[in-house]
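*Asks:* Just passing along the structure, written as structure tokens.
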Amino acid sequence: MVHLSLRQEESQRTISRNLYGHFSEHLGRCIYEGLWVGEDSPIPNTDGIRNDVLEALRKVSVPVLRWPGGCFADEYHWKDGIGPKEGRPRMINNNWGGVEENNHFGTHEFLRLCELIGAEPYISGNVGSGTVHEMQQWVEYMTFDGTSPMADWRKANGREEPWKLKYFGIGNENWGCGGNMRPAYYADLYRHYATYVRNYSGNEVYKIACGASEHDYHWTEVLMREAGRFMQGLSLHYYTIPTGNWHDKGRATGFDASEWFSTLKKTLFMEELIVKHSAIMDQYDPDKKVGLLVDEWGTWYNVEPGTNPGFLYQQNTMRDALVAGINLNIFHQHCDRVTMANIAQIVNVLQALILTEGEQMLLTPTYHVFDMYKVHQDNTLLALEFDNPTYTFGEEEIPQLSASASMDSQGNIHISVCNLSHDTSAELQCNLGDLVRTQVTGRMLCGDALDAHNTFAEPHQVQPVRYEGARLEQGLLSFALPAASVVVITLT
Ligand code: AHR
């Protein structure tokens with residue numbers, strides 16, 4: 001029996017809804033087919049954006065959506081993506097499969113998508129191959145209210161009112177696909193570009209600098225030292241790769257218990273990364289004014305056999321559900337520094353929430369975790385303390401449980417728990433202390449195999465069920481989790 005205790009924290013930290021953010025790149029079938037089908041498509045759509053995906057995204061409460069990349073962002077020239085579609089220039093998507101990009105999905109289409117799903121836009125600007133002037137004009141085009149060359153052009157393209165744009169990234173992975181820069185050079189470029197990203201007409205831009213890859217602590221050190229005072233956010237990218245080998249990352253399905261274990265172990269490394277990057281940020285920014293934005297995270301496997309290797313299309317199983325649940329619990333625990341996170345990616349790419357095949361669509365186990373966990377958005381973090389049992393595999397050990405808890409504005413309590421073990425259930429008893437409530441409900445996600453997943457033939461193999469396994473008696477909440485499961489309990 002695992003004994004937990006729950007209490008309010010003195011510091012009253014808030015779990016920003018933006019920890020539930022998403023990422024959409026011009027990569028494979030994410031934008032084209034996954035989101036955008038065009039106004040003339042036989043697939044039902046609103047202004048070119050497919051209705052089934054819109055409905056699913058509305059249900060899961062997407063707070064913020066990042067676009068147009070990723071690596072694509074540093075080759076993207078926004079002026080190619082506005083105006084009449086027939087006249088938009090074409091380009092090669094050099095990063096992702098070398099396919100032709102017709103620029104039919106551009107600034108207006110992206111911002112319309114955000115409006116339709118109620119998400120804040122987060123746009124990544126081009127530092128790698130774009131100019132300062134181009135970046136300045138993009139922000140002017142989107143946000144200037146009144147008469148200006150860019151605002152007039154926007155109006156001529158059918159949008160009278162400026163958009164509100166808060167989140168703007170100054171480049172992406174500039175240590176790699178965004179220009180192979182060294183940190184001091186990028187820090188100077190960041191300062192240079194950021195100077196011309198203006199606050200027009202009352203719109204205040206939250207400027208995000210390109211942060212480190214994984215455990216590149218030197219990058220964070222240099223960026224915070226040289227440019228920390230010019231930024232509001234600093235990013236961090238970390239992907240879970242089961243084998244740790246970029247050339248053979250492991251399969252999305254058909255894996256064994258050993259790969260299940262290594263995947264979850266590698267996911268838990270997110271905790272160490274956040275702690276260590278935060279410690280560096282604390283030295284330069286003790287008041288935590290600069291947010292750490294984990295704006296790319298998720299699983300990265302070998303692509304599905306027979307698919308374009310540049311399209312990063314992979315299936316999504318119960319293992320991905322666990323990866324999502326663990327990462328979200330980690331982000332909650334660090335919500336004073338981690339103010340946004342964006343899973344990669346929203347549709348048809350990497351750890352997708354949604355997969356499509358022509359007119360068909362399915363929701364993945366990862367989608368269901370986001371749906372179950374959305375009750376935490378904007379809540380106050382609660383302290384949940386327990387002695388975590390050990391999950392042993394061969395010579396290696398990790399904690400068996402991942403958990404977090406929060407209280408919403410009505411005083412309801414939400415507890416999310418993941419059982420990482422592939423073969424051992426867990427019994428838990430939580431002392432609610434002063435936080436006693438009278439009713440308990442819950443939802444559970446588990447599968448009949450470690451790689452249980454949804455297919456277009458059987459789209460509901462893995463979906464949340466009502467959780468009946470919790471009892472509330474004399475201030476104690478008792479519940480049990482099957483192996484390889486995710487549970488979210490609500491106390492009212
Ligand atoms: O998400 C896929 C790619 O991963 C992104 O384009 C890039 O930023 C990262 O390397």
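The values are calculated or read from the model by the stated rules, or taken from the named source; none is laboratory data. Predicted model only: the values in this text are computed from it and were never measured. Virtual Cβ from ideal backbone geometry, glycine too; neighbours counted across all protein chains shown.
*Asks:* I'd like the residue in the range 114-165 that is charged (D, E, K, R), part of a helix (DSSP H, G or I) and within 29 Å of the chain's Cα centre (by Cα) and, out of all such residues, is surrounded by the fewest Cβ atoms within 10 Å (Cβ to Cβ).
*Replies:* Of everything passing the filter in the range 114-165, Glu115 is surrounded by the fewest Cβ atoms within 10 Å (Cβ to Cβ).
Each row is one residue, and each column tells you yes or no for (1) in contact with a strand residue (DSSP E or B) (Cβ under 9 Å, 6 or more places away or on another chain); (2) modelled with pLDDT under 95; (3) of a type in the set (Lys, Arg); (4) within 28 Å of Leu165 (Cα to Cα).
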position: Ser213; (1), (2), (3), (4): yes, no, no, yes
position: Thr243; (1), (2), (3), (4): no, no, no, no
position: Glu259; (1), (2), (3), (4): no, no, no, no
position: Lys266; (1), (2), (3), (4): yes, no, yes, no
position: Ser278; (1), (2), (3), (4): yes, no, no, yes
position: Gln283; (1), (2), (3), (4): no, no, no, no
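*Asks:* Could you tell me which residue of the range 364-392 is nearest to the ligand (Cβ to nearest atom), considering only residues that are under 30 Å from Pro459 (Cα atoms), buried (at least 22 other Cβ atoms within 10 Å of the Cβ) and of a type in the set (A, V, I, L, M, F, W, C)?
*Replies:* In this case the residue turns out to be Phe370.
*Asks:* Ok, one more. Tally time: how many residues in the range 41-55 are in a helix (DSSP H, G or I) and not acidic (Asp, Glu)?
*Replies:* Counting residues in the range 41-55 that are in a helix (DSSP H, G or I) and not acidic (Asp, Glu) gives 3.
*Asks:* Yes or no: Glu75 within 16 Å of the ligand (Cβ to nearest atom) and among the charged types (D, E, K, R)?
*Replies:* Yes.
*Asks:* Residue pairs, Cβ under 7 Å, 6 or more apart or interchain, first in the range 63-76 and closer than 15 Å to Leu165 by Cβ and free of Cβ contacts under 8 Å to residues at least 60 places away in the same chain, second near the ligand (Cβ under 9 Å from one of its atoms) and of a type in the set (D, E, K, R). List them.
*Replies:* Short answer, once both residue conditions are applied: Pro68/Glu25.
*Asks:* Return the only residue of Leu273, Leu268 being within 21 Å of the chain's Cα centre (by Cα), within 25 Å of Cys418 (Cα to Cα) and more than 16 Å from the ligand (Cβ to nearest atom).
*Replies:* Leu268
*Asks:* Right, here's the next one. Output the number of residues of the range 168-193 satisfying the condition of being buried (at least 23 other Cβ atoms within 10 Å of the Cβ), part of a helix (DSSP H, G or I) and either of a type in the set (Gly, Ala, Ser) or within 16 Å of the ligand (Cβ to nearest atom) (or both).
*Replies:* Here the count works out to 2.
*Asks:* On the basis of being in a loop (DSSP other than H, G, I, E, B) and of a type in the set (A, V, I, L, M), does Leu472 make the cut?
*Replies:* no
*Asks:* Here are some residues: Glu86, Glu55. Which one is away from the ligand (no atom under 16 Å from the Cβ) and under 20 Å from Ala352 (Cβ atoms)?
*Replies:* Just a single option satisfies the conditions, and that option is Glu55.
*Asks:* Hey, another quick one. Taking Leu223 and the conditions (1) of a type in the set (A, V, I, L, M); (2) touching a Ser or Thr at 6+ places or on another chain (Cβ under 6 Å); (3) more than 16 Å from the ligand (Cβ to nearest atom), which numbered condition does it fall short on, given that it satisfies the others?
*Replies:* Among (1) of a type in the set (A, V, I, L, M); (2) touching a Ser or Thr at 6+ places or on another chain (Cβ under 6 Å); (3) more than 16 Å from the ligand (Cβ to nearest atom), the lone unmet condition for Leu223 is (2).
*Asks:* Please state which one of Ala483, Ala457, Ala470 is within 27 Å of the chain's Cα centre (by Cα), aliphatic (A, V, I, L, M) and more than 22 Å from His332 (Cα to Cα).
*Replies:* Ala483
*Asks:* Next question, about the same structure. Which is within 16 Å of the ligand (Cβ to nearest atom), closer than 17 Å to Gly21 by Cβ, at pLDDT 95 or above and part of a loop (DSSP other than H, G, I, E, B), of Ala324, Ala352, Ala341?
*Replies:* Residue meeting the stated conditions: Ala352.
*Asks:* Identify all residues within the range 18-52 that are more than 16 Å from the ligand (Cβ to nearest atom), touching a residue at least 60 places away in the same chain (Cβ under 8 Å) and more than 18 Å from the chain's Cα centre (by Cα); write none if there are none.
*Replies:* Correct list: Glu33, Trp36, Gly38, Pro42, Ile43, Thr46, Asp47, Gly48, Ile49, Arg50, Asp52.
*Asks:* Look at Val294 and say whether it is over 20 Å from Gly447 (Cβ atoms), within 13 Å of the chain's Cα centre (by Cα) and in a strand (DSSP E or B). Explain how you work it out, then say what you get.
*Replies:* Numbers: over 20 Å from Gly447 (Cβ atoms): yes; within 13 Å of the chain's Cα centre (by Cα): yes; in a strand (DSSP E or B): yes.
Criteria met by Val294.
*Asks:* Also, quick follow-up: Determine, yes or no, whether Ile274 is touching a helix residue (DSSP H, G or I) at 6+ places or on another chain (Cβ under 6 Å), surrounded by fewer than 24 Cβ atoms within 10 Å (Cβ to Cβ) and within 25 Å of Gly233 (Cβ to Cβ).
*Replies:* For Ile274, the condition - touching a helix residue (DSSP H, G or I) at 6+ places or on another chain (Cβ under 6 Å), surrounded by fewer than 24 Cβ atoms within 10 Å (Cβ to Cβ) and within 25 Å of Gly233 (Cβ to Cβ) - is not met.
*Asks:* Here's something else I'd like to know. State all residues of the range 89-112 that are among the aliphatic types (A, V, I, L, M), without any contact (Cβ under 8 Å) to a residue 12 or more places away in the chain and more than 16 Å from the ligand (Cβ to nearest atom); if no residue qualifies, say none.
*Replies:* Step one: filter the range 89-112 for residues among the aliphatic types (A, V, I, L, M), giving 91-92, 99, 111.
Still in the list and also without any contact (Cβ under 8 Å) to a residue 12 or more places away in the chain: 92.
None - no residue of the range 89-112 is among the aliphatic types (A, V, I, L, M), without any contact (Cβ under 8 Å) to a residue 12 or more places away in the chain and more than 16 Å from the ligand (Cβ to nearest atom), so the list stays empty.
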